[in-house]
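Asker: Here's a structure for you.
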Amino acid sequence: MNINYALSVENVKVTDLDINGYFYFFKAHPGTFADYIDIKNSHMENITGAVLSLNKETDDLGVYSVENLTLSGNTFKDIKEEVVTIYRGGFDESTFGPAVIITDNTLHNVGKGSTHRTGASMYFHGVQNLHVSDSKWVDSAPMSLYLTNGEPITLIENVTMNNTPKIQSNNNSFEVKNVTY
């Protein structure tokens with residue numbers, strides 16, 4: 001019997017996760033599933049890997065690592081890989097997630113590590129419901145979207161990207177409101 005888990009991180013400062021070149025704050029493994037992951041009002045700095053690596057379910061069967069993800073009120077600085085990378089592959093439309101809310105965050109110098117493979121500050125593959133709002137990117141890699149099966153709902157609004165490339169996507173099936181570069 002599998003038992004789901006949840007992760008809640010609030011009012012935490014994490015710095016200098018920099019051992020061995022790729023140090024991750026949290027890395028989900030295949031076969032694990034979180035009902036929710038929340039990181040709120042926290043500061044994370046100098047991490048050589050990703051903050052949240054949720055991309056190991058790559059069999060493309062509609063399986064994914066987290067149902068609901070919320071990042072709210074955080075500062076992410078000097079993160080070599082992504083703040084978050086989520087992978088939901090396949091064409092199984094019987095599942096409705098993941099659902100992701102990113103609001104009131106600041107990213108500074110994120111996703112620009114020399115060995116970083118995706119070249120993104122946040123990478124969302126197959127996310128079914130994504131809302132990014134009231135956040136700021138500074139000197140960071142772009143947000144990357146790979147929109148897949150069904151009719152994913154993706155809204156990005158009230159976002160500023162200073163010295164950061166435009167949002168990258170495999171198609172234009174997402175909505176943007178008040179995003180400045």
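Asker: Eigenvalues of the Cα gyration tensor times 5, then square-rooted: what semi-axes does that give for the stretch 27-146, in whole angstrom, largest first?
Answerer: After scaling each eigenvalue by five and taking roots: 23, 15, 12 Å.
Asker: Heavy atoms only, probe 1.4 Å: what % of the accessible area of the stretch 1-135 goes to carbon and sulfur, would you let me know?
Answerer: The C+S portion of the solvent-accessible surface of the stretch 1-135 is 48 percent.
Asker: Additional query: Over the Cα atoms of the stretch 76-181, what is the Rg over Rh ratio if Rh follows Kirkwood?
Answerer: Looking at the stretch 76-181, the ratio lands at 0.96.
Asker: Explain nothing, just the number: dipole magnitude of the chain about its Cα centre with +1 on each Lys and Arg Cβ and -1 on each Asp and Glu Cβ, in debye rounded to the nearest 20.
Answerer: So the dipole magnitude of the chain works out to roughly 440 debye.
Asker: For the stretch 37-84, with every protein chain kept in place, what is the accessible area per residue (1.4 Å probe, Å²)?
Answerer: Normalised by residue count, the accessible surface of the stretch 37-84 is 31 Å².
Asker: Something else about it: So, for the stretch 108-169, what is the accessible surface per residue at a probe of 1.4 Å, expressed in square angstrom?
Answerer: 41 Å²
Asker: Provide the packing ranking of 114-126, 162-174, i.e. peptides ordered by the mean count of other C-beta atoms within 10 Å per residue, highest first.
Answerer: 114-126, 162-174
The values are calculated or read from the model by the stated rules, or taken from the named source; none is laboratory data. Nothing here was measured: the structure is a model prediction, and the numbers come from that model. Every residue, glycine as well, gets a Cβ built from its backbone with ideal geometry; the counts of neighbours run over all protein chains shown. Heads up: the accessible areas ignore ligands, DNA and RNA and are worked out on the full protein's heavy atoms, side chains in. Shrake-Rupley method; radii C 1.70, N 1.55, O 1.52, S 1.80 Å.
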